[in-house]
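Some notes on the structure that comes next.
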Amino acid sequence: MSVNIGGLVVIILFYLVILAIGIWAAWKNKNKPYHGELLQNEVIMIGRRDIGLIVGIFTMTATWVGGAYINGTAEAVYVVGHGFAWTQAPIGYAVSLIIGGLFFAKTMRSRRYVTMLDPFQETYGGGIGSLMFIPAVLGELFWSAAVLTALGSSLSVIFEINVHLAIIISTVIAVCYTLIGGLYSVAYTDMAQLFCIFAGLYISLPFAALNPAVTSIAITATQYVYREPWIGSIDSGNAWIWVDNYVLMILGGIPWQAYFQRVLSTSTAAQAQIISFVAALSTLILAIPSVILGAIGASTDWNQTDYGLPDPMGRNETQMILPIILRYLCPSYIAFFGLGAVSAAVMSSADSSILSASSMFTRNIYHGVFRREATDKELVWIMRAAVIVFGIIAAGMTWLSTSVYGLWYLSSDLIFVLLFPQLVSVLYIKGTNAYGCVTSYIFGLFLRVGGGEPYLHLQPLICYAGCHLDFRFPTGPIYIQRFPFKTVSMLASLMMNLFVSFLTKYLYNRGIFPPKLDFLHGFDPQLKKEKTNKIASEINDSIDAVEQMPSDKEDKEPLDTTSQDKEPVND
(Lines give C-alpha, C1' and ligand atoms only; values in the text may rest on other atoms or scores of the structure.)
Protein backbone atom coordinates (compact mmCIF):
# COMPACT_ATOMS: atom_id res chain seq x y z
CA MET A 1 0.00 0.00 0.00
CA SER A 2 1.47 3.34 -1.06
CA VAL A 3 1.28 6.51 0.92
CA ASN A 4 -2.23 7.96 0.76
CA ILE A 5 -1.98 11.70 0.30
CA GLY A 6 -5.55 12.32 1.47
CA GLY A 7 -5.01 10.45 4.72
CA LEU A 8 -1.68 12.16 5.26
CA VAL A 9 -3.25 15.60 4.82
CA VAL A 10 -6.07 14.77 7.23
CA ILE A 11 -3.76 13.59 9.99
CA ILE A 12 -1.45 16.58 9.58
CA LEU A 13 -4.40 18.96 9.82
CA PHE A 14 -5.71 17.22 12.94
CA TYR A 15 -2.31 17.35 14.58
CA LEU A 16 -1.86 21.02 13.76
CA VAL A 17 -5.29 21.82 15.20
CA ILE A 18 -4.56 19.92 18.42
CA LEU A 19 -1.14 21.57 18.77
CA ALA A 20 -2.66 25.02 18.14
CA ILE A 21 -5.33 24.44 20.78
CA GLY A 22 -2.66 23.35 23.28
CA ILE A 23 -0.62 26.50 22.61
CA TRP A 24 -3.71 28.72 22.82
CA ALA A 25 -4.74 27.16 26.15
CA ALA A 26 -1.28 27.80 27.56
CA TRP A 27 -1.29 31.43 26.40
CA LYS A 28 -4.85 32.02 27.62
CA ASN A 29 -4.14 30.85 31.16
CA LYS A 30 -0.64 32.32 31.37
CA ASN A 31 -2.10 35.81 30.96
CA LYS A 32 -4.96 35.19 33.36
CA PRO A 33 -4.90 37.22 36.61
CA TYR A 34 -3.84 34.94 39.43
CA HIS A 35 -4.08 35.27 43.19
CA GLY A 36 -3.83 31.74 44.47
CA GLU A 37 -2.08 29.34 46.76
CA LEU A 38 -0.05 27.27 44.31
CA LEU A 39 3.46 27.59 42.98
CA GLN A 40 4.26 27.54 39.27
CA ASN A 41 5.27 23.86 39.26
CA GLU A 42 2.00 22.97 41.00
CA VAL A 43 0.01 25.01 38.49
CA ILE A 44 1.53 22.85 35.75
CA MET A 45 0.25 19.78 37.61
CA ILE A 46 -3.31 20.77 38.56
CA GLY A 47 -3.83 24.26 37.16
CA ARG A 48 -5.03 26.88 39.65
CA ARG A 49 -7.87 24.70 40.93
CA ASP A 50 -10.17 26.64 38.63
CA ILE A 51 -11.11 24.04 36.03
CA GLY A 52 -14.80 24.65 35.37
CA LEU A 53 -17.58 22.09 35.26
CA ILE A 54 -17.81 21.81 31.46
CA VAL A 55 -14.07 21.58 30.84
CA GLY A 56 -13.78 19.20 33.78
CA ILE A 57 -16.39 16.83 32.34
CA PHE A 58 -14.72 16.84 28.94
CA THR A 59 -11.20 16.26 30.23
CA MET A 60 -12.31 13.57 32.69
CA THR A 61 -14.18 11.71 29.95
CA ALA A 62 -11.38 12.09 27.41
CA THR A 63 -8.85 10.72 29.89
CA TRP A 64 -10.62 7.35 29.86
CA VAL A 65 -11.99 7.43 26.31
CA GLY A 66 -8.73 7.29 24.46
CA GLY A 67 -7.10 4.94 22.01
CA ALA A 68 -6.91 1.96 24.35
CA TYR A 69 -10.57 2.34 25.29
CA ILE A 70 -11.89 2.75 21.74
CA ASN A 71 -9.59 0.30 19.92
CA GLY A 72 -9.47 -2.13 22.83
CA THR A 73 -13.25 -2.33 23.15
CA ALA A 74 -13.64 -3.07 19.44
CA GLU A 75 -10.85 -5.65 19.67
CA ALA A 76 -12.46 -7.44 22.63
CA VAL A 77 -15.83 -7.72 20.86
CA TYR A 78 -14.14 -8.99 17.68
CA VAL A 79 -11.80 -11.62 19.13
CA VAL A 80 -13.11 -15.19 19.14
CA GLY A 81 -13.32 -16.46 22.70
CA HIS A 82 -14.02 -12.99 24.10
CA GLY A 83 -16.92 -11.23 22.43
CA PHE A 84 -19.25 -8.72 23.99
CA ALA A 85 -19.68 -10.82 27.13
CA TRP A 86 -15.99 -10.29 27.94
CA THR A 87 -15.85 -6.63 26.90
CA GLN A 88 -15.77 -5.40 30.47
CA ALA A 89 -13.99 -2.06 30.31
CA PRO A 90 -16.94 0.22 29.38
CA ILE A 91 -19.17 -0.84 32.28
CA GLY A 92 -16.24 -1.48 34.61
CA TYR A 93 -14.70 1.97 34.23
CA ALA A 94 -18.08 3.71 34.30
CA VAL A 95 -18.87 2.10 37.67
CA SER A 96 -15.33 2.96 38.77
CA LEU A 97 -15.93 6.65 38.10
CA ILE A 98 -19.18 6.54 40.07
CA ILE A 99 -17.52 4.90 43.09
CA GLY A 100 -14.60 7.30 42.81
CA GLY A 101 -16.99 10.23 42.85
CA LEU A 102 -18.96 8.89 45.81
CA PHE A 103 -16.12 7.91 48.13
CA PHE A 104 -12.80 9.42 47.01
CA ALA A 105 -13.21 12.63 44.98
CA LYS A 106 -14.71 14.75 47.75
CA THR A 107 -12.22 13.58 50.39
CA MET A 108 -9.14 14.19 48.23
CA ARG A 109 -10.33 17.59 46.93
CA SER A 110 -11.43 18.81 50.37
CA ARG A 111 -7.99 18.09 51.79
CA ARG A 112 -6.43 20.05 48.92
CA TYR A 113 -3.79 17.53 47.94
CA VAL A 114 -1.72 18.18 44.83
CA THR A 115 -1.05 14.57 43.80
CA MET A 116 -2.54 11.20 44.68
CA LEU A 117 0.65 10.28 46.59
CA ASP A 118 0.38 13.17 49.05
CA PRO A 119 -1.78 11.31 51.62
CA PHE A 120 0.68 8.39 51.62
CA GLN A 121 3.63 10.62 52.43
CA GLU A 122 1.52 12.49 54.95
CA THR A 123 0.75 9.23 56.78
CA TYR A 124 3.91 7.16 56.32
CA GLY A 125 6.59 9.74 55.60
CA GLY A 126 8.40 10.62 52.40
CA GLY A 127 10.46 7.44 52.03
CA ILE A 128 7.80 4.82 52.76
CA GLY A 129 5.09 6.82 51.03
CA SER A 130 7.21 6.99 47.89
CA LEU A 131 6.88 3.20 47.51
CA MET A 132 3.44 3.90 46.10
CA PHE A 133 5.11 5.74 43.22
CA ILE A 134 6.27 2.44 41.70
CA PRO A 135 2.87 0.88 40.91
CA ALA A 136 1.39 4.32 40.21
CA VAL A 137 3.95 5.29 37.60
CA LEU A 138 4.06 1.82 36.03
CA GLY A 139 0.28 1.93 35.69
CA GLU A 140 0.43 5.31 33.96
CA LEU A 141 3.19 4.14 31.63
CA PHE A 142 1.38 0.91 30.71
CA TRP A 143 -1.72 2.98 30.02
CA SER A 144 0.26 5.43 27.85
CA ALA A 145 1.84 2.53 25.97
CA ALA A 146 -1.59 1.04 25.29
CA VAL A 147 -2.83 4.39 23.99
CA LEU A 148 0.20 4.91 21.77
CA THR A 149 -0.04 1.35 20.45
CA ALA A 150 -3.61 2.07 19.39
CA LEU A 151 -2.49 5.34 17.83
CA GLY A 152 0.27 3.67 15.85
CA SER A 153 -2.17 1.01 14.68
CA SER A 154 -4.60 3.66 13.42
CA LEU A 155 -1.96 5.65 11.56
CA SER A 156 -0.35 2.61 9.97
CA VAL A 157 -3.69 1.78 8.32
CA ILE A 158 -4.05 5.25 6.74
CA PHE A 159 -0.78 5.05 4.86
CA GLU A 160 2.21 2.73 4.66
CA ILE A 161 4.27 3.99 7.55
CA ASN A 162 6.06 2.04 10.24
CA VAL A 163 3.90 1.69 13.36
CA HIS A 164 6.70 2.70 15.68
CA LEU A 165 7.52 5.77 13.59
CA ALA A 166 3.87 6.81 13.86
CA ILE A 167 4.06 6.33 17.64
CA ILE A 168 7.18 8.48 17.89
CA ILE A 169 5.64 11.32 15.86
CA SER A 170 2.46 11.24 17.93
CA THR A 171 4.37 11.19 21.21
CA VAL A 172 6.39 14.23 20.16
CA ILE A 173 3.18 16.18 19.46
CA ALA A 174 1.62 15.21 22.80
CA VAL A 175 4.81 16.00 24.73
CA CYS A 176 5.17 19.38 23.01
CA TYR A 177 1.82 20.83 24.04
CA THR A 178 2.07 19.24 27.49
CA LEU A 179 5.41 20.99 27.98
CA ILE A 180 3.96 24.31 26.86
CA GLY A 181 0.81 24.46 28.97
CA GLY A 182 0.73 21.60 31.47
CA LEU A 183 -2.75 20.64 32.66
CA TYR A 184 -4.45 23.55 30.90
CA SER A 185 -3.17 22.45 27.48
CA VAL A 186 -4.07 18.84 28.24
CA ALA A 187 -7.59 19.77 29.41
CA TYR A 188 -8.46 22.02 26.47
CA THR A 189 -7.04 19.65 23.86
CA ASP A 190 -9.11 16.92 25.51
CA MET A 191 -12.25 18.85 24.59
CA ALA A 192 -11.29 18.95 20.91
CA GLN A 193 -10.13 15.34 20.90
CA LEU A 194 -13.34 14.10 22.51
CA PHE A 195 -15.43 15.93 19.92
CA CYS A 196 -13.31 14.39 17.16
CA ILE A 197 -13.74 10.85 18.40
CA PHE A 198 -17.49 11.29 18.90
CA ALA A 199 -18.03 12.73 15.43
CA GLY A 200 -15.58 10.42 13.67
CA LEU A 201 -16.97 7.17 15.06
CA TYR A 202 -20.67 7.99 14.86
CA ILE A 203 -20.37 9.33 11.30
CA SER A 204 -18.44 6.22 10.20
CA LEU A 205 -20.82 3.77 11.87
CA PRO A 206 -23.68 3.64 9.29
CA PHE A 207 -21.28 3.40 6.34
CA ALA A 208 -19.53 0.38 7.86
CA ALA A 209 -22.79 -1.33 8.87
CA LEU A 210 -24.33 -0.94 5.38
CA ASN A 211 -21.31 -2.28 3.46
CA PRO A 212 -22.37 -5.22 1.21
CA ALA A 213 -19.69 -7.44 2.77
CA VAL A 214 -21.28 -7.12 6.20
CA THR A 215 -23.99 -9.46 7.45
CA SER A 216 -26.47 -8.00 9.94
CA ILE A 217 -24.93 -7.95 13.39
CA ALA A 218 -28.32 -9.03 14.79
CA ILE A 219 -27.88 -12.34 12.96
CA THR A 220 -24.18 -12.87 13.75
CA ALA A 221 -24.77 -12.11 17.42
CA THR A 222 -26.28 -15.54 17.99
CA GLN A 223 -25.59 -17.54 14.80
CA TYR A 224 -22.42 -18.92 13.30
CA VAL A 225 -21.90 -17.18 9.94
CA TYR A 226 -18.23 -16.48 9.24
CA ARG A 227 -17.10 -17.41 12.74
CA GLU A 228 -18.46 -17.81 16.26
CA PRO A 229 -21.19 -15.35 17.40
CA TRP A 230 -19.76 -12.02 18.53
CA ILE A 231 -21.99 -11.83 21.61
CA GLY A 232 -19.72 -14.34 23.33
CA SER A 233 -20.50 -16.44 26.36
CA ILE A 234 -19.35 -17.06 29.93
CA ASP A 235 -19.01 -20.73 30.77
CA SER A 236 -19.11 -21.91 34.36
CA GLY A 237 -15.40 -22.73 34.38
CA ASN A 238 -14.44 -19.12 33.65
CA ALA A 239 -17.11 -17.36 35.70
CA TRP A 240 -14.72 -16.45 38.51
CA ILE A 241 -12.22 -15.01 36.01
CA TRP A 242 -15.02 -12.81 34.66
CA VAL A 243 -15.90 -11.61 38.18
CA ASP A 244 -12.23 -11.07 39.03
CA ASN A 245 -11.73 -8.91 35.94
CA TYR A 246 -14.79 -6.80 36.71
CA VAL A 247 -13.70 -6.12 40.29
CA LEU A 248 -10.26 -5.20 38.96
CA MET A 249 -11.72 -2.77 36.43
CA ILE A 250 -14.03 -1.13 38.97
CA LEU A 251 -11.75 -0.73 41.98
CA GLY A 252 -8.50 -0.68 40.04
CA GLY A 253 -9.78 2.25 38.00
CA ILE A 254 -9.88 4.56 41.04
CA PRO A 255 -6.30 5.10 42.34
CA TRP A 256 -4.88 6.78 39.23
CA GLN A 257 -3.10 10.11 39.27
CA ALA A 258 -4.73 10.90 35.89
CA TYR A 259 -8.12 10.65 37.62
CA PHE A 260 -7.18 12.59 40.74
CA GLN A 261 -5.36 15.22 38.69
CA ARG A 262 -8.75 16.27 37.37
CA VAL A 263 -10.44 15.88 40.74
CA LEU A 264 -7.83 18.09 42.41
CA SER A 265 -7.99 20.73 39.67
CA THR A 266 -11.70 21.48 40.10
CA SER A 267 -13.01 24.60 41.78
CA THR A 268 -14.87 22.75 44.54
CA ALA A 269 -15.24 19.26 45.99
CA ALA A 270 -18.83 19.12 44.74
CA GLN A 271 -17.68 19.76 41.17
CA ALA A 272 -15.13 16.97 41.55
CA GLN A 273 -17.98 14.57 42.27
CA ILE A 274 -20.19 15.88 39.47
CA ILE A 275 -17.55 15.49 36.75
CA SER A 276 -16.97 11.91 37.92
CA PHE A 277 -20.66 11.03 37.64
CA VAL A 278 -21.20 12.68 34.25
CA ALA A 279 -17.98 11.19 32.86
CA ALA A 280 -19.25 7.73 33.86
CA LEU A 281 -22.29 8.18 31.63
CA SER A 282 -20.20 9.70 28.84
CA THR A 283 -17.77 6.78 28.74
CA LEU A 284 -20.67 4.38 28.22
CA ILE A 285 -22.14 6.48 25.40
CA LEU A 286 -18.78 6.70 23.63
CA ALA A 287 -18.24 2.93 23.93
CA ILE A 288 -21.36 2.16 21.87
CA PRO A 289 -19.82 2.76 18.40
CA SER A 290 -16.73 0.72 19.31
CA VAL A 291 -18.88 -2.21 20.41
CA ILE A 292 -20.91 -2.04 17.18
CA LEU A 293 -17.78 -1.71 15.02
CA GLY A 294 -16.25 -4.73 16.75
CA ALA A 295 -19.43 -6.67 15.99
CA ILE A 296 -19.28 -5.49 12.37
CA GLY A 297 -15.73 -6.82 12.13
CA ALA A 298 -16.97 -10.22 13.28
CA SER A 299 -19.83 -10.07 10.74
CA THR A 300 -17.74 -9.25 7.66
CA ASP A 301 -16.80 -11.51 4.78
CA TRP A 302 -13.31 -10.10 4.38
CA ASN A 303 -12.90 -11.90 1.06
CA GLN A 304 -15.34 -9.39 -0.44
CA THR A 305 -13.15 -6.45 0.60
CA ASP A 306 -9.78 -5.18 -0.56
CA TYR A 307 -8.36 -6.49 2.71
CA GLY A 308 -8.92 -10.08 1.57
CA LEU A 309 -8.13 -13.31 3.36
CA PRO A 310 -6.99 -14.34 5.86
CA ASP A 311 -9.07 -12.11 8.09
CA PRO A 312 -7.54 -9.79 10.75
CA MET A 313 -7.51 -12.59 13.32
CA GLY A 314 -5.74 -14.91 10.90
CA ARG A 315 -3.09 -12.22 10.32
CA ASN A 316 -2.76 -11.52 14.05
CA GLU A 317 -3.96 -7.94 13.52
CA THR A 318 -6.89 -7.96 15.93
CA GLN A 319 -5.49 -4.93 17.75
CA MET A 320 -6.05 -2.93 14.53
CA ILE A 321 -9.60 -4.11 13.86
CA LEU A 322 -11.21 -0.68 14.31
CA PRO A 323 -8.98 1.24 11.86
CA ILE A 324 -9.14 -1.73 9.46
CA ILE A 325 -12.96 -1.52 9.47
CA LEU A 326 -12.87 2.22 8.85
CA ARG A 327 -10.35 1.84 6.06
CA TYR A 328 -11.89 -1.09 4.17
CA LEU A 329 -15.64 -0.88 4.90
CA CYS A 330 -16.18 2.89 4.60
CA PRO A 331 -15.80 5.30 1.67
CA SER A 332 -12.32 6.78 1.56
CA TYR A 333 -13.41 10.29 2.56
CA ILE A 334 -15.28 8.91 5.59
CA ALA A 335 -12.40 6.62 6.44
CA PHE A 336 -9.92 9.51 6.37
CA PHE A 337 -12.11 11.60 8.63
CA GLY A 338 -12.78 8.74 11.04
CA LEU A 339 -9.18 7.58 11.20
CA GLY A 340 -7.88 11.12 11.50
CA ALA A 341 -10.33 11.82 14.31
CA VAL A 342 -9.38 8.66 16.19
CA SER A 343 -5.70 9.40 15.71
CA ALA A 344 -6.08 12.85 17.22
CA ALA A 345 -8.35 11.65 20.00
CA VAL A 346 -6.16 8.84 21.29
CA MET A 347 -3.56 11.37 22.41
CA SER A 348 -6.05 12.57 25.03
CA SER A 349 -5.05 9.74 27.35
CA ALA A 350 -1.34 9.64 26.50
CA ASP A 351 -0.75 13.27 27.43
CA SER A 352 -2.71 12.84 30.68
CA SER A 353 -0.67 9.81 31.74
CA ILE A 354 2.65 11.42 30.85
CA LEU A 355 1.71 14.54 32.84
CA SER A 356 0.54 12.39 35.76
CA ALA A 357 3.76 10.37 35.94
CA SER A 358 5.83 13.57 35.71
CA SER A 359 3.79 15.26 38.47
CA MET A 360 4.27 12.40 40.92
CA PHE A 361 7.97 12.13 40.20
CA THR A 362 8.61 15.87 40.54
CA ARG A 363 6.58 16.48 43.68
CA ASN A 364 6.71 13.21 45.61
CA ILE A 365 10.07 11.74 44.61
CA TYR A 366 12.44 14.53 43.55
CA HIS A 367 11.07 17.18 45.92
CA GLY A 368 9.53 15.01 48.61
CA VAL A 369 12.48 12.63 49.09
CA PHE A 370 15.70 13.88 47.49
CA ARG A 371 15.56 17.70 47.19
CA ARG A 372 13.28 19.15 49.83
CA GLU A 373 15.11 22.47 49.51
CA ALA A 374 14.46 22.70 45.74
CA THR A 375 13.15 26.04 44.51
CA ASP A 376 10.00 26.48 42.46
CA LYS A 377 12.02 27.32 39.35
CA GLU A 378 14.10 24.19 39.75
CA LEU A 379 10.99 22.05 40.09
CA VAL A 380 9.51 23.58 36.94
CA TRP A 381 12.55 22.46 34.96
CA ILE A 382 12.52 19.03 36.57
CA MET A 383 8.85 18.75 35.64
CA ARG A 384 9.59 19.59 32.02
CA ALA A 385 12.46 17.12 31.86
CA ALA A 386 10.25 14.43 33.39
CA VAL A 387 7.57 14.99 30.75
CA ILE A 388 10.14 14.33 28.03
CA VAL A 389 11.65 11.30 29.76
CA PHE A 390 8.32 9.64 30.56
CA GLY A 391 7.12 10.33 27.01
CA ILE A 392 10.18 8.50 25.67
CA ILE A 393 9.65 5.59 28.10
CA ALA A 394 5.96 5.26 27.21
CA ALA A 395 6.77 5.19 23.49
CA GLY A 396 9.51 2.64 24.09
CA MET A 397 7.18 0.34 26.02
CA THR A 398 5.01 -0.13 22.93
CA TRP A 399 7.64 -2.59 21.70
CA LEU A 400 6.76 -4.92 24.59
CA SER A 401 3.26 -6.01 23.59
CA THR A 402 1.12 -6.45 20.50
CA SER A 403 -2.24 -6.44 22.26
CA VAL A 404 -3.89 -3.20 23.28
CA TYR A 405 -6.19 -5.04 25.65
CA GLY A 406 -3.24 -6.89 27.19
CA LEU A 407 -1.49 -3.65 28.08
CA TRP A 408 -4.82 -2.36 29.36
CA TYR A 409 -5.23 -5.20 31.85
CA LEU A 410 -1.61 -5.00 32.96
CA SER A 411 -1.92 -1.29 33.67
CA SER A 412 -4.73 -1.96 36.13
CA ASP A 413 -3.30 -5.02 37.89
CA LEU A 414 -0.51 -3.32 39.81
CA ILE A 415 -2.76 -0.40 40.69
CA PHE A 416 -5.54 -2.68 41.91
CA VAL A 417 -3.51 -5.09 44.05
CA LEU A 418 -0.85 -2.74 45.44
CA LEU A 419 -2.31 0.76 45.47
CA PHE A 420 -6.05 0.52 46.04
CA PRO A 421 -5.88 -1.16 49.51
CA GLN A 422 -3.21 1.33 50.57
CA LEU A 423 -5.35 4.28 49.45
CA VAL A 424 -8.33 2.98 51.42
CA SER A 425 -6.07 2.59 54.46
CA VAL A 426 -4.65 6.12 54.48
CA LEU A 427 -7.98 7.81 53.79
CA TYR A 428 -10.43 5.81 55.89
CA ILE A 429 -8.64 3.54 58.37
CA LYS A 430 -7.00 5.13 61.39
CA GLY A 431 -3.97 3.45 62.90
CA THR A 432 -2.20 1.98 59.87
CA ASN A 433 1.55 2.56 59.97
CA ALA A 434 4.72 2.12 57.94
CA TYR A 435 5.20 -1.48 59.08
CA GLY A 436 1.76 -2.49 57.87
CA CYS A 437 2.25 -0.57 54.65
CA VAL A 438 5.57 -2.20 53.72
CA THR A 439 4.51 -5.71 54.75
CA SER A 440 1.22 -5.61 52.86
CA TYR A 441 2.95 -4.06 49.84
CA ILE A 442 5.43 -6.94 49.60
CA PHE A 443 2.78 -9.54 50.40
CA GLY A 444 0.37 -8.25 47.75
CA LEU A 445 3.15 -8.06 45.16
CA PHE A 446 4.15 -11.66 45.86
CA LEU A 447 0.58 -12.93 45.56
CA ARG A 448 -0.06 -11.07 42.30
CA VAL A 449 3.25 -11.89 40.58
CA GLY A 450 3.09 -15.41 41.94
CA GLY A 451 -0.18 -15.89 40.07
CA GLY A 452 1.60 -15.48 36.73
CA GLU A 453 0.68 -13.36 33.72
CA PRO A 454 -0.17 -14.92 30.32
CA TYR A 455 0.36 -11.65 28.42
CA LEU A 456 3.96 -11.60 29.65
CA HIS A 457 4.30 -15.38 29.28
CA LEU A 458 5.06 -15.52 33.01
CA GLN A 459 4.38 -18.95 34.48
CA PRO A 460 2.73 -18.86 37.94
CA LEU A 461 4.62 -19.69 41.12
CA ILE A 462 1.33 -20.31 42.92
CA CYS A 463 -1.30 -22.54 41.35
CA TYR A 464 -4.61 -21.49 42.86
CA ALA A 465 -7.73 -23.64 42.66
CA GLY A 466 -8.73 -24.30 39.06
CA CYS A 467 -5.28 -23.58 37.62
CA HIS A 468 -4.95 -25.37 34.25
CA LEU A 469 -2.54 -25.59 31.33
CA ASP A 470 -3.57 -23.68 28.20
CA PHE A 471 -2.02 -24.72 24.85
CA ARG A 472 -3.48 -21.89 22.74
CA PHE A 473 -0.56 -19.49 23.21
CA PRO A 474 1.87 -19.38 20.24
CA THR A 475 4.86 -19.15 22.58
CA GLY A 476 3.99 -22.42 24.25
CA PRO A 477 1.62 -23.75 26.91
CA ILE A 478 1.10 -21.64 30.02
CA TYR A 479 -0.88 -22.12 33.21
CA ILE A 480 -4.08 -20.06 33.49
CA GLN A 481 -5.71 -19.20 36.81
CA ARG A 482 -9.46 -19.66 37.10
CA PHE A 483 -9.52 -18.60 40.73
CA PRO A 484 -10.14 -14.84 41.34
CA PHE A 485 -6.63 -14.46 42.69
CA LYS A 486 -6.31 -10.75 41.83
CA THR A 487 -9.24 -9.79 44.04
CA VAL A 488 -8.03 -12.17 46.76
CA SER A 489 -4.52 -10.66 46.53
CA MET A 490 -5.97 -7.15 46.97
CA LEU A 491 -8.06 -8.17 49.99
CA ALA A 492 -5.17 -10.10 51.50
CA SER A 493 -2.95 -7.03 51.13
CA LEU A 494 -5.53 -4.88 52.91
CA MET A 495 -5.93 -7.38 55.76
CA MET A 496 -2.16 -7.72 56.11
CA ASN A 497 -1.83 -3.95 56.45
CA LEU A 498 -4.40 -3.84 59.24
CA PHE A 499 -3.01 -6.89 61.03
CA VAL A 500 0.64 -5.81 61.01
CA SER A 501 -0.19 -2.17 61.82
CA PHE A 502 -2.26 -2.99 64.90
CA LEU A 503 0.11 -5.76 66.00
CA THR A 504 3.17 -3.51 65.89
CA LYS A 505 1.23 -0.73 67.60
CA TYR A 506 0.32 -3.10 70.44
CA LEU A 507 3.88 -4.42 70.77
CA TYR A 508 5.53 -0.99 70.83
CA ASN A 509 2.93 0.73 73.02
CA ARG A 510 3.07 -2.09 75.61
CA GLY A 511 6.85 -1.96 75.67
CA ILE A 512 7.22 -5.54 74.40
CA PHE A 513 9.36 -4.16 71.58
CA PRO A 514 11.93 -1.55 72.72
CA PRO A 515 12.05 1.82 70.88
CA LYS A 516 15.46 0.98 69.36
CA LEU A 517 13.79 -1.67 67.20
CA ASP A 518 11.56 0.96 65.61
CA PHE A 519 13.77 1.20 62.51
CA LEU A 520 10.97 2.67 60.38
CA HIS A 521 10.32 5.34 63.03
CA GLY A 522 6.64 4.57 63.04
CA PHE A 523 6.33 5.22 66.78
CA ASP A 524 8.96 7.90 67.41
CA PRO A 525 6.98 10.98 68.58
CA GLN A 526 9.59 13.42 67.33
CA LEU A 527 10.09 11.85 63.91
CA LYS A 528 6.39 11.21 63.55
CA LYS A 529 5.83 14.95 63.38
CA GLU A 530 8.06 15.04 60.33
CA LYS A 531 5.91 12.51 58.49
CA THR A 532 4.01 14.92 56.35
CA ASN A 533 3.38 15.82 52.78
CA LYS A 534 4.35 19.45 53.48
CA ILE A 535 7.40 19.23 51.30
CA ALA A 536 8.21 22.93 51.14
CA SER A 537 11.36 24.12 52.82
CA GLU A 538 9.80 27.17 54.47
CA ILE A 539 6.41 25.79 55.44
CA ASN A 540 6.29 27.36 58.89
CA ASP A 541 6.89 30.84 57.55
CA SER A 542 4.22 30.27 54.90
CA ILE A 543 1.62 29.20 57.45
CA ASP A 544 2.34 32.24 59.60
CA ALA A 545 1.97 34.46 56.56
CA VAL A 546 -1.37 32.90 55.64
CA GLU A 547 -2.72 33.26 59.19
CA GLN A 548 -1.94 36.98 59.16
CA MET A 549 -3.90 37.56 55.94
CA PRO A 550 -7.65 38.26 55.83
CA SER A 551 -9.78 35.19 55.27
CA ASP A 552 -11.76 34.64 52.10
CA LYS A 553 -15.42 34.31 53.05
CA GLU A 554 -16.27 32.67 49.75
CA ASP A 555 -14.03 29.65 50.36
CA LYS A 556 -14.83 27.76 53.54
CA GLU A 557 -12.49 24.83 52.82
CA PRO A 558 -9.27 24.52 54.86
CA LEU A 559 -6.14 25.86 53.26
CA ASP A 560 -3.74 23.41 51.67
CA THR A 561 -0.40 23.41 53.42
CA THR A 562 1.37 21.39 50.80
CA SER A 563 3.02 24.39 49.15
CA GLN A 564 5.38 27.14 50.13
CA ASP A 565 4.82 30.88 49.86
CA LYS A 566 1.03 30.56 49.76
CA GLU A 567 -1.58 33.26 49.44
CA PRO A 568 -5.25 33.03 50.40
CA VAL A 569 -7.31 30.83 48.10
CA ASN A 570 -9.76 32.43 45.73
CA ASP A 571 -11.31 29.59 43.74
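What to note about this one:
- Solvent-accessible surface of region 249-401, averaged per residue with a 1.4 angstrom probe and all protein chains in place: 31 square angstrom.
- Protein heavy-atom surface of region 252-346, 1.4 angstrom probe: 58% of the accessible area is carbon and sulfur, with nucleic acids and ligands not counted.
- Taken over region 275-402, the alpha-carbon convex hull comes to 151 cubic angstrom per residue.
- Unsatisfied cross-links (Cα-Cα over 32 Å) in the set Lys106/Lys516; Lys430/Lys516; Lys430/Lys486; Lys486/Lys516; Lys28/Lys430; Lys28/Lys377: Lys106/Lys516; Lys486/Lys516; Lys28/Lys430
- Mean sequence separation of contacting Cα pairs (under 8 Å, at least six apart), scaled by the length of region 299-384, corresponds to a relative contact order of 15 percent.
- Annotation: extensible slack from Ile5 through Ile134 equals 42.1 nm (criterion: 0.36 nm per residue apart, minus Cα-Cα distance).
- Values of log10 I(q)/I(0) for region 20-154 across q = 0.19 Å⁻¹ run -1.38, by the Debye formula with one identical scatterer at each alpha carbon and no solvent.
- Apolar share of the accessible surface for region 373-523: 72 percent from carbon plus sulfur atoms, 1.4 Å probe.
- Rough spin-label spacing in nm, given labels placed 7 Å along Cα→Cβ, for Ile203 and Arg371: 4.6
- Per residue accessible area of region 56-188, 1.4 Å probe, in Å²: 22
The values are calculated or read from the model by the stated rules, or taken from the named source; none is laboratory data. What you see is a predicted model, and the numbers here were worked out from it, not measured in a lab. Don't worry about glycine lacking a Cβ; one is built from the backbone with ideal geometry, like all the others, and counts go over all protein chains shown. These accessible areas exclude ligands, DNA and RNA; they are computed on the full protein's heavy atoms, side chains included. Shrake-Rupley method; radii C 1.70, N 1.55, O 1.52, S 1.80 Å.
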